[in-house]
Amino acid sequence: MPAYREPRRRSPPLPAPRGPLSDAVIDALRTGADHPAPAVGDADPFGDDLQLALYILYELHYQGFEGVDDDHEWSPGLLALRRSLEEPFLAALRAGAGTDGHVESALSGLLVEPIGDDGHSVSHFLQDHGELWHLREYAALRSLYHLKEADPHAWVIPRLYGRAKAAMVAVEFDEFGAGREADIHARLYADLMTDLSLETAYGHYLDAAPADVLATVNLMSLFGLHRSLRGALVGHFAAVEVTSSPGSRRLAAALKRVGAGPAAQRFYDEHVEADAVHEQVVRRDVIGGLLADEPHLESDIAFGIEATGLLEDRLAARLLAAWRGNTTALRGQPG
(Lines give C-alpha, C1' and ligand atoms only; values in the text may rest on other atoms or scores of the structure.)
Protein backbone atom coordinates (compact mmCIF):
# COMPACT_ATOMS: atom_id res chain seq x y z
CA MET A 1 0.00 0.00 0.00
CA PRO A 2 1.48 3.42 -0.92
CA ALA A 3 2.34 5.81 1.90
CA TYR A 4 -0.34 8.30 2.88
CA ARG A 5 0.25 11.80 1.56
CA GLU A 6 -1.72 14.89 2.44
CA PRO A 7 -2.58 16.98 -0.65
CA ARG A 8 -0.40 20.05 -1.00
CA ARG A 9 -2.09 22.99 0.66
CA ARG A 10 -2.67 26.05 -1.51
CA SER A 11 -2.80 29.57 -0.17
CA PRO A 12 -6.38 30.85 -0.04
CA PRO A 13 -7.62 33.85 -2.04
CA LEU A 14 -7.93 37.19 -0.31
CA PRO A 15 -11.33 37.66 1.35
CA ALA A 16 -13.88 40.39 0.68
CA PRO A 17 -13.34 43.54 2.79
CA ARG A 18 -15.70 44.44 5.64
CA GLY A 19 -14.84 48.12 6.08
CA PRO A 20 -12.10 50.70 5.51
CA LEU A 21 -9.43 48.95 7.58
CA SER A 22 -9.71 45.56 5.90
CA ASP A 23 -10.17 47.24 2.51
CA ALA A 24 -6.91 49.15 2.93
CA VAL A 25 -5.04 45.97 3.94
CA ILE A 26 -6.41 43.98 1.02
CA ASP A 27 -5.62 46.80 -1.43
CA ALA A 28 -2.06 47.04 -0.10
CA LEU A 29 -1.51 43.32 -0.58
CA ARG A 30 -2.99 43.35 -4.08
CA THR A 31 -1.03 46.39 -5.28
CA GLY A 32 2.20 45.84 -3.36
CA ALA A 33 1.91 49.16 -1.53
CA ASP A 34 3.60 49.30 1.85
CA HIS A 35 1.76 52.25 3.38
CA PRO A 36 -1.97 51.57 3.76
CA ALA A 37 -2.02 53.47 7.09
CA PRO A 38 -5.76 54.04 7.56
CA ALA A 39 -6.75 55.59 10.87
CA VAL A 40 -8.04 52.98 13.30
CA GLY A 41 -10.00 55.68 15.10
CA ASP A 42 -12.99 54.40 17.04
CA ALA A 43 -13.28 51.08 15.18
CA ASP A 44 -14.86 48.35 17.30
CA PRO A 45 -11.95 46.23 18.59
CA PHE A 46 -14.20 43.15 18.40
CA GLY A 47 -15.87 44.20 15.14
CA ASP A 48 -15.75 42.65 11.69
CA ASP A 49 -13.55 45.28 10.03
CA LEU A 50 -10.74 45.39 12.60
CA GLN A 51 -10.77 41.65 13.22
CA LEU A 52 -10.63 40.81 9.51
CA ALA A 53 -7.82 43.29 8.90
CA LEU A 54 -5.87 41.77 11.79
CA TYR A 55 -6.60 38.21 10.65
CA ILE A 56 -5.28 38.96 7.15
CA LEU A 57 -2.09 40.50 8.50
CA TYR A 58 -1.52 37.57 10.85
CA GLU A 59 -2.16 35.07 8.08
CA LEU A 60 0.92 36.40 6.27
CA HIS A 61 2.91 34.52 8.95
CA TYR A 62 1.11 31.23 8.20
CA GLN A 63 0.00 30.23 4.69
CA GLY A 64 -0.29 33.67 3.12
CA PHE A 65 -2.71 34.42 0.29
CA GLU A 66 -2.89 33.54 -3.36
CA GLY A 67 -1.09 36.10 -5.51
CA VAL A 68 0.41 37.95 -2.51
CA ASP A 69 4.20 38.24 -2.35
CA ASP A 70 5.59 36.32 0.63
CA ASP A 71 7.88 39.25 1.43
CA HIS A 72 4.86 41.23 2.62
CA GLU A 73 5.16 39.27 5.86
CA TRP A 74 7.79 41.79 6.96
CA SER A 75 6.65 44.96 5.15
CA PRO A 76 7.29 47.81 7.62
CA GLY A 77 4.09 49.65 6.77
CA LEU A 78 1.95 46.56 7.24
CA LEU A 79 3.67 45.75 10.52
CA ALA A 80 3.03 49.29 11.75
CA LEU A 81 -0.63 48.97 10.80
CA ARG A 82 -0.83 45.60 12.55
CA ARG A 83 0.50 47.18 15.72
CA SER A 84 -2.13 49.92 15.52
CA LEU A 85 -4.84 47.24 15.27
CA GLU A 86 -3.39 45.10 18.04
CA GLU A 87 -3.35 47.89 20.58
CA PRO A 88 -7.14 48.44 20.84
CA PHE A 89 -7.77 44.69 20.63
CA LEU A 90 -5.35 43.99 23.48
CA ALA A 91 -6.76 46.88 25.52
CA ALA A 92 -10.31 45.55 25.07
CA LEU A 93 -9.17 42.07 26.11
CA ARG A 94 -7.51 43.39 29.25
CA ALA A 95 -10.59 45.44 30.11
CA GLY A 96 -12.95 42.51 29.64
CA ALA A 97 -10.89 39.63 31.01
CA GLY A 98 -11.25 40.56 34.67
CA THR A 99 -8.44 38.55 36.23
CA ASP A 100 -7.02 38.81 39.76
CA GLY A 101 -3.62 37.81 38.43
CA HIS A 102 -3.53 34.35 40.03
CA VAL A 103 -3.29 31.23 37.87
CA GLU A 104 -5.09 28.92 40.28
CA SER A 105 -8.15 31.12 40.53
CA ALA A 106 -8.20 31.57 36.75
CA LEU A 107 -8.06 27.80 36.27
CA SER A 108 -10.53 26.94 39.01
CA GLY A 109 -13.58 27.91 37.02
CA LEU A 110 -12.48 25.72 34.13
CA LEU A 111 -12.00 22.64 36.29
CA VAL A 112 -15.64 22.46 37.44
CA GLU A 113 -18.02 21.02 34.87
CA PRO A 114 -21.55 22.45 35.12
CA ILE A 115 -24.27 19.96 35.99
CA GLY A 116 -26.17 19.73 32.72
CA ASP A 117 -26.57 22.54 30.20
CA ASP A 118 -26.31 26.00 31.77
CA GLY A 119 -27.71 27.60 28.62
CA HIS A 120 -24.41 29.09 27.52
CA SER A 121 -22.53 26.05 26.22
CA VAL A 122 -22.26 25.34 22.49
CA SER A 123 -21.14 21.75 23.03
CA HIS A 124 -24.10 21.06 25.35
CA PHE A 125 -26.49 22.56 22.80
CA LEU A 126 -25.04 20.48 19.98
CA GLN A 127 -25.07 17.31 22.07
CA ASP A 128 -28.68 17.72 23.19
CA HIS A 129 -30.37 19.64 20.37
CA GLY A 130 -27.95 20.00 17.47
CA GLU A 131 -29.04 19.06 13.98
CA LEU A 132 -26.69 18.20 11.15
CA TRP A 133 -26.77 21.75 9.80
CA HIS A 134 -25.71 23.14 13.17
CA LEU A 135 -22.73 20.79 13.28
CA ARG A 136 -21.77 21.61 9.71
CA GLU A 137 -21.79 25.33 10.50
CA TYR A 138 -19.78 24.80 13.66
CA ALA A 139 -17.21 22.70 11.83
CA ALA A 140 -16.93 25.24 9.00
CA LEU A 141 -16.34 28.14 11.39
CA ARG A 142 -13.88 26.29 13.60
CA SER A 143 -11.89 25.24 10.51
CA LEU A 144 -10.15 28.61 10.51
CA TYR A 145 -8.19 27.34 13.49
CA HIS A 146 -8.37 23.56 13.29
CA LEU A 147 -6.89 23.39 9.78
CA LYS A 148 -3.78 24.92 11.34
CA GLU A 149 -4.25 23.37 14.77
CA ALA A 150 -1.31 23.86 17.14
CA ASP A 151 0.57 26.13 14.71
CA PRO A 152 0.01 29.36 16.72
CA HIS A 153 1.12 27.67 19.93
CA ALA A 154 4.39 26.55 18.34
CA TRP A 155 5.54 30.18 18.41
CA VAL A 156 6.07 29.91 22.16
CA ILE A 157 8.52 26.99 22.03
CA PRO A 158 11.70 29.05 21.40
CA ARG A 159 10.57 31.41 24.16
CA LEU A 160 10.55 28.71 26.83
CA TYR A 161 13.33 26.61 28.31
CA GLY A 162 13.87 23.73 30.67
CA ARG A 163 10.85 21.83 31.98
CA ALA A 164 8.30 24.15 30.38
CA LYS A 165 9.86 23.77 26.94
CA ALA A 166 10.19 19.99 27.17
CA ALA A 167 6.55 19.62 28.23
CA MET A 168 5.28 22.02 25.59
CA VAL A 169 7.14 20.16 22.86
CA ALA A 170 5.73 16.84 24.12
CA VAL A 171 2.15 18.11 23.84
CA GLU A 172 2.77 19.73 20.45
CA PHE A 173 4.32 16.47 19.23
CA ASP A 174 0.97 14.78 19.79
CA GLU A 175 -0.90 17.63 18.09
CA PHE A 176 1.29 17.20 15.02
CA GLY A 177 0.59 13.48 14.78
CA ALA A 178 3.45 12.10 16.88
CA GLY A 179 5.51 11.70 13.73
CA ARG A 180 2.66 10.27 11.64
CA GLU A 181 1.47 12.50 8.83
CA ALA A 182 -2.00 10.95 8.69
CA ASP A 183 -2.52 11.65 12.42
CA ILE A 184 -1.76 15.38 12.36
CA HIS A 185 -4.77 16.94 14.05
CA ALA A 186 -5.27 19.41 11.21
CA ARG A 187 -5.47 16.42 8.85
CA LEU A 188 -7.97 14.69 11.12
CA TYR A 189 -10.08 17.83 11.06
CA ALA A 190 -10.03 17.88 7.26
CA ASP A 191 -11.29 14.28 7.38
CA LEU A 192 -14.08 15.39 9.73
CA MET A 193 -15.04 18.10 7.25
CA THR A 194 -15.08 15.58 4.41
CA ASP A 195 -17.48 13.39 6.39
CA LEU A 196 -19.73 16.43 6.80
CA SER A 197 -19.54 17.28 3.06
CA LEU A 198 -17.66 20.52 3.73
CA GLU A 199 -14.92 22.10 1.65
CA THR A 200 -11.54 21.28 3.19
CA ALA A 201 -9.43 23.97 1.49
CA TYR A 202 -7.48 26.03 4.01
CA GLY A 203 -9.23 29.32 4.76
CA HIS A 204 -12.23 28.49 2.57
CA TYR A 205 -14.79 29.69 5.13
CA LEU A 206 -13.12 33.00 6.00
CA ASP A 207 -15.80 35.12 4.31
CA ALA A 208 -18.50 33.20 6.20
CA ALA A 209 -16.89 33.66 9.63
CA PRO A 210 -18.22 36.45 11.86
CA ALA A 211 -15.88 38.65 13.88
CA ASP A 212 -16.35 36.56 17.02
CA VAL A 213 -14.78 33.57 15.23
CA LEU A 214 -11.91 35.65 13.84
CA ALA A 215 -11.17 37.04 17.30
CA THR A 216 -10.66 33.56 18.78
CA VAL A 217 -8.04 32.81 16.11
CA ASN A 218 -6.45 36.26 16.24
CA LEU A 219 -5.99 35.88 19.99
CA MET A 220 -3.60 32.97 19.45
CA SER A 221 -1.62 34.86 16.82
CA LEU A 222 -1.46 38.00 18.96
CA PHE A 223 -0.07 36.06 21.90
CA GLY A 224 2.16 33.84 19.79
CA LEU A 225 3.85 36.56 17.74
CA HIS A 226 4.86 38.67 20.75
CA ARG A 227 7.53 37.37 23.08
CA SER A 228 6.23 39.76 25.72
CA LEU A 229 2.94 37.82 25.69
CA ARG A 230 4.46 34.34 26.01
CA GLY A 231 2.84 33.88 29.40
CA ALA A 232 -0.56 34.76 27.94
CA LEU A 233 -0.10 32.18 25.18
CA VAL A 234 0.68 29.51 27.77
CA GLY A 235 -2.47 30.58 29.62
CA HIS A 236 -4.50 30.30 26.43
CA PHE A 237 -3.05 26.87 25.73
CA ALA A 238 -3.92 25.74 29.24
CA ALA A 239 -7.51 26.98 28.91
CA VAL A 240 -7.92 25.07 25.66
CA GLU A 241 -6.49 21.84 27.02
CA VAL A 242 -8.44 21.95 30.30
CA THR A 243 -11.79 22.43 28.55
CA SER A 244 -11.13 20.29 25.47
CA SER A 245 -11.76 16.78 26.78
CA PRO A 246 -15.32 17.19 28.18
CA GLY A 247 -16.33 19.44 25.28
CA SER A 248 -14.94 16.97 22.75
CA ARG A 249 -16.89 14.15 24.39
CA ARG A 250 -20.13 16.07 23.88
CA LEU A 251 -19.27 16.94 20.29
CA ALA A 252 -18.41 13.32 19.50
CA ALA A 253 -21.80 12.30 20.92
CA ALA A 254 -23.54 14.96 18.82
CA LEU A 255 -21.87 13.77 15.63
CA LYS A 256 -22.78 10.18 16.38
CA ARG A 257 -26.39 11.13 17.06
CA VAL A 258 -26.82 12.88 13.69
CA GLY A 259 -25.17 10.03 11.82
CA ALA A 260 -21.88 11.68 10.86
CA GLY A 261 -19.21 9.32 9.55
CA PRO A 262 -16.42 7.70 11.56
CA ALA A 263 -13.78 10.26 10.57
CA ALA A 264 -15.92 13.07 11.99
CA GLN A 265 -16.30 11.22 15.28
CA ARG A 266 -12.63 10.25 15.36
CA PHE A 267 -11.42 13.84 15.56
CA TYR A 268 -13.25 14.50 18.80
CA ASP A 269 -12.72 11.00 20.18
CA GLU A 270 -8.99 11.60 19.75
CA HIS A 271 -9.23 14.83 21.74
CA VAL A 272 -11.18 13.21 24.58
CA GLU A 273 -8.27 10.88 25.30
CA ALA A 274 -5.29 13.00 24.32
CA ASP A 275 -6.38 16.25 25.97
CA ALA A 276 -7.21 14.59 29.27
CA VAL A 277 -3.51 13.73 29.46
CA HIS A 278 -2.40 17.05 27.99
CA GLU A 279 -4.32 18.96 30.66
CA GLN A 280 -2.18 17.43 33.40
CA VAL A 281 1.08 18.01 31.51
CA VAL A 282 0.22 21.61 30.75
CA ARG A 283 -0.82 22.45 34.31
CA ARG A 284 2.01 20.61 36.05
CA ASP A 285 4.94 21.05 33.70
CA VAL A 286 4.28 23.84 31.18
CA ILE A 287 2.71 26.28 33.64
CA GLY A 288 4.60 24.89 36.62
CA GLY A 289 7.91 25.00 34.79
CA LEU A 290 7.32 28.51 33.44
CA LEU A 291 6.38 29.85 36.87
CA ALA A 292 9.43 28.21 38.41
CA ASP A 293 11.65 29.97 35.87
CA GLU A 294 9.74 33.25 35.49
CA PRO A 295 7.33 33.77 38.42
CA HIS A 296 6.64 37.34 37.30
CA LEU A 297 4.63 35.93 34.38
CA GLU A 298 1.83 34.59 36.59
CA SER A 299 -0.49 37.52 35.89
CA ASP A 300 0.11 37.11 32.15
CA ILE A 301 -0.78 33.41 32.30
CA ALA A 302 -3.95 34.24 34.22
CA PHE A 303 -4.80 36.93 31.67
CA GLY A 304 -4.39 34.43 28.82
CA ILE A 305 -6.81 32.05 30.50
CA GLU A 306 -9.41 34.74 31.16
CA ALA A 307 -9.10 36.34 27.72
CA THR A 308 -9.71 32.96 26.14
CA GLY A 309 -12.88 32.55 28.18
CA LEU A 310 -14.03 36.05 27.28
CA LEU A 311 -13.82 35.42 23.54
CA GLU A 312 -15.25 31.91 23.72
CA ASP A 313 -18.23 33.26 25.67
CA ARG A 314 -18.80 35.95 23.04
CA LEU A 315 -18.67 33.37 20.27
CA ALA A 316 -21.01 31.00 22.11
CA ALA A 317 -23.55 33.79 22.61
CA ARG A 318 -23.55 34.58 18.90
CA LEU A 319 -23.86 30.98 17.76
CA LEU A 320 -26.58 30.10 20.25
CA ALA A 321 -28.60 33.23 19.49
CA ALA A 322 -28.60 32.36 15.80
CA TRP A 323 -29.36 28.68 16.20
CA ARG A 324 -32.08 29.15 18.81
CA GLY A 325 -33.65 31.61 16.39
CA ASN A 326 -33.48 28.93 13.72
CA THR A 327 -31.17 31.00 11.54
CA THR A 328 -27.63 30.56 10.27
CA ALA A 329 -24.58 31.74 12.19
CA LEU A 330 -22.65 32.19 8.93
CA ARG A 331 -22.12 35.62 7.41
CA GLY A 332 -23.70 36.35 4.06
CA GLN A 333 -25.96 33.32 4.12
CA PRO A 334 -29.75 33.28 3.98
CA GLY A 335 -31.52 32.53 7.25
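The values are calculated or read from the model by the stated rules, or taken from the named source; none is laboratory data. Computed from a predicted structure; not experimentally measured. When we count neighbours, we look across all protein chains shown, and the Cβ atoms used for this are built from the backbone with ideal geometry, even at glycine. Note: accessible area is taken over every heavy atom of the protein model, side chains too, but ligands, DNA and RNA are not part of it. Shrake-Rupley method; radii C 1.70, N 1.55, O 1.52, S 1.80 Å.
Quick notes on this structure:
- Residue among Thr243, Thr308 that alone is open to solvent by 40 Å² or more (accessible area, probe 1.4 Å) and among the β-branched types (Val, Ile, Thr): Thr243
- Residue within the stretch 266-276 that is open to solvent by 20 Å² or more (accessible area, probe 1.4 Å), among the β-branched types (Val, Ile, Thr) and within 25 Å of Gly47 (Cα to Cα) present: no
Per-residue answers, yes or no, for (1) open to solvent by 40 Å² or more (accessible area, probe 1.4 Å); (2) in contact with a Cys (Cβ under 9 Å, 6 or more places away or on another chain); (3) over 23 Å from Glu104 (Cα atoms); (4) of a type in the set (Phe, Trp, Tyr):
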site: Val234; (1), (2), (3), (4): no, no, no, no
site: Ala239; (1), (2), (3), (4): no, no, no, no
site: Ala254; (1), (2), (3), (4): no, no, yes, no
site: Gly259; (1), (2), (3), (4): yes, no, yes, no
site: Gln280; (1), (2), (3), (4): yes, no, no, no
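- Meeting the requirement of 2 or more residues that are among the acidic types (Asp, Glu), the helices (runs of 4 or more DSSP H) wholly within the stretch 182-283 are 185-195, 262-281.
- The set of residues in the stretch 95-106 being surrounded by fewer than 13 Cβ atoms within 10 Å (Cβ to Cβ) and either at pLDDT 95 or above or of a type in the set (A, V, I, L, M, F, W, C) (or both) consists of Ala95 alone.
- Qualifying residue in the stretch 288-299 (condition: under 17 Å from the mean Cα position of the chain (by Cα) and either crowded, with 17+ Cβ neighbours inside 10 Å or of a type in the set (Val, Ile, Thr) (or both)): no
- Qualifying residue in the stretch 107-116 (condition: buried (at least 20 other Cβ atoms within 10 Å of the Cβ), among the charged types (D, E, K, R) and touching a residue at least 60 places away in the same chain (Cβ under 8 Å)): no
- Subset of the stretch 8-50 that is among the β-branched types (Val, Ile, Thr) and part of a helix (DSSP H, G or I) - its residue that is modelled with the lowest pLDDT: Thr31
- The residues in the stretch 61-91 that are hydrophobic (A, V, I, L, M, F, W, C) and open to solvent by 20 Å² or more (accessible area, probe 1.4 Å) can be counted, and the count is 5.
- Positions within the stretch 17-60 being more than 16 Å from Gly332 (Cβ to Cβ), open to solvent by less than 60 Å² (accessible area, probe 1.4 Å) and charged (D, E, K, R), in sequence order: Asp34, Glu59
- Residues that are under 19 Å from the mean Cα position of the chain (by Cα) and free of Cβ contacts under 8 Å to residues at least 60 places away in the same chain within the stretch 176-189 comprise Phe176, Gly177, Ala186, listed in sequence order.
- Where a residue in the stretch 7-20 is farther than 23 Å from Tyr189 by Cβ and its partner, wherever it lies, is modelled with pLDDT under 95 and assigned to a loop (DSSP other than H, G, I, E, B), with Cβ under 6 Å and at least six apart: Pro20/Pro38
- Residue pairs meeting the criteria (Cβ under 6 Å; at least 6 apart or on separate chains; first at negative phi, in the stretch 217-244; second modelled with pLDDT under 95 and not in a helix (DSSP H, G or I)): Val242/Leu110; Thr243/Leu110
- In the stretch 194-206, the residues that are within 26 Å of Leu57 (Cβ to Cβ) form Cβ pairs under 6 Å with partners that are open to solvent by less than 50 Å² (accessible area, probe 1.4 Å) and not hydrophobic (A, V, I, L, M, F, W, C), at six or more places apart or across chains, as follows: Tyr202/Pro12; Gly203/Pro12; Tyr205/Ser143; Leu206/Pro15.
- When the residues of the stretch 129-165 are filtered to those that are of a type in the set (Ser, Thr, Tyr), open to solvent by 10 Å² or more (accessible area, probe 1.4 Å) and part of a helix (DSSP H, G or I), the one that is nearest to Ala201 (Cα to Cα) is Tyr145.
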